[in-house]
Amino acid sequence: MPRVALIPGDGIGVEVVREARLLLEALNASERLDLELIDWDLGAERYLREGVTITDEEFASLAEYDAVLLGALGDPRVPGNEHAKDILLGMRFKLDLYVNYRPCVLLSPELSPLKDVDGPLRLEIFRENTEGAYTGMGGSFKTGTRDEIAIEEDVNTWKGVERIVRAAFDFADTRGRSRVTLVDKANAQRHAGGLWRRVFAEVGARYPAIEQDAMYVDAMVMDLIRQPQRYQVIVASNLFGDIVSDVAAEVTGGLGLAPSANIHPGRNALFEPVHGSAPDIAGRGTANPVGAIRCVSLMLDHFGRGELAARVEAAVAASIEHGRTTPDLGGQLSTAEVGKWIMERIAGDRAAST
């Protein structure tokens with residue numbers, strides 16, 4: 001029986017994970033998924049209550065789960081976000097979730113802020129998730145004085161670069177994508193950029209049928225706005241992947257629609273909507289649950305239920321087509337009403353196909 005840990009976290013994470021859980025429960029019953037859903041108390045409330053973010057024992061326990069669904073982390077009562085760093089970055093690093101997969105799909109042309117975007121647009125970002133500028137290596141000297149020195153290390157290893165580049169090419173090869181683009185800053189970061197370019201060329205040589213190119217990160221974010229249809233699969237370092245995926249999400253409708261998967265293939269998987277905890281709207285019932293619901297789709301695909309994942313995606317697209325959305329997308333429904341509409345649509349589609 002696959003076990004799924006549910007971590008609502010903070011702010012609107014609680015609201016969107018609730019809708020994702022209801023959907024999982026419904027699919028568990030109708031599709032006989034045989035999932036065991038287990039709630040975890042990790043987040044700001046626990047940190048403020050007990051002074052504990054997450055323990056080594058809890059990390060070890062989470063490593064035994066088949067999947068984790070995380071809502072969002074971040075609370076103004078914890079200005080340093082200690083709990084968010086320990087929990088989210090902790091899971092990424094300690095569980096070695098080196099693939100951060102962020103699919104950004106334009107479900108309807110009017111959702112894009114770009115006036116000339118039309119037709120299918122699918123940008124799939126593979127962000128290296130365990131190295132780069134997020135390792136915390138470095139330090140500061142004479143902190144708080146006018147002579148302060150701050151150094152942030154950008155760590156790139158051949159192993160780390162090779163496996164994320166290989167994951168991007170494998171995905172393109174198996175999913176019928178014809179183009180993979182590397183994003184770097186090799187003209188300024190000669191050592192790290194040089195490593196990425198060499199590995200990209202070496203791995204890419206094994207996929208001669210796939211078109212391959214490289215873009216500097218500043219040129220890339222401009223081109224994603226100018227001609228996003230040019231790109232398909234994008235692979236980048238931790239920092240550049242973070243930046244590019246947010247731009248791609250906005251181009252395709254906004255962070256409220258964007259899911260992500262943090263994966264070590266064959267081992268562990270963590271799914272989380274890309275949006276933050278949005279404490280300014282928490283508790284109002286207006287948070288968009290689509291990012292979390294699309295995380296359910298990614299999880300189903302991860303479990304080998306691609307046909308069911310496609311039904312979830314189709315129901316999400318139908319909710320937008322029919323205007324059954326939260327206020328951020330111009331609709332008038334609450335978080336729970338959107339979740340219910342999508343769930344009923346999936347059930348209706350199933351009934352119609354049987």
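Let me confirm something: among 11, 51, 71, 80, which residue is over 17 Å from residue 299 (Cβ atoms) and buried (at least 18 other Cβ atoms within 10 Å of the Cβ)?
Numbers: 51 fails: buried (at least 18 other Cβ atoms within 10 Å of the Cβ); 71 fails: over 17 Å from residue 299 (Cβ atoms); 80 fails: buried (at least 18 other Cβ atoms within 10 Å of the Cβ).
Just one listed residue meets the conditions, 11.
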*Could you pull out the residue among 338, 316, 312 that is assigned to a helix (DSSP H, G or I), closer than 19 Å to residue 112 by Cα, modelled with pLDDT of 95 or more and open to solvent by less than 10 Å² (accessible area, probe 1.4 Å)?*
316
*Check every one of the strands (runs of 3 or more DSSP E) wholly within segment 214-300 and list those with 2 or more residues that are over 12 Å from the mean Cα position of the chain (by Cα) and surrounded by 22 or more Cβ atoms within 10 Å (Cβ to Cβ).*
233-236
*The listed residue being touching a residue at least 60 places away in the same chain (Cβ under 8 Å), within 30 Å of residue 331 (Cα to Cα) and in contact with a Gly (Cβ under 6 Å, 6 or more places away or on another chain), out of 107, 123, 111*: 111
*Given (1) open to solvent by 20 Å² or more (accessible area, probe 1.4 Å); (2) farther than 16 Å from residue 101 by Cα, number of the condition residue 346 does not satisfy*: (1)
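Give 130, 143 a once-over and let me know the one that is in a loop (DSSP other than H, G, I, E, B) and open to solvent by less than 60 Å² (accessible area, probe 1.4 Å).
None of the others qualify; the one that does is 130.
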*Six or more apart or on different chains, Cβ under 7 Å: which pairs go from a residue in segment 6-29 that's within 30 Å of residue 48 (Cα to Cα) to one that's open to solvent by 20 Å² or more (accessible area, probe 1.4 Å) and charged (D, E, K, R)? Could you list them?*
6/21; 6/39; 10/75; 11/75
*Mind counting the residues in segment 263-290 that are closer than 27 Å to residue 221 by Cα, in contact with a helix residue (DSSP H, G or I) (Cβ under 6 Å, 6 or more places away or on another chain) and not small (Gly, Ala, Ser)?*
8
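The values are calculated or read from the model by the stated rules, or taken from the named source; none is laboratory data. Predicted, not measured: the structure shown is a model, and the values here were computed from it. For neighbour counting, all protein chains shown are included, and Cβ atoms are generated from backbone atoms with ideal geometry for every residue, glycine included. What goes into the accessible areas is simple: the full protein's heavy atoms, side chains included, and nothing from ligands, DNA or RNA. Shrake-Rupley method; radii C 1.70, N 1.55, O 1.52, S 1.80 Å.
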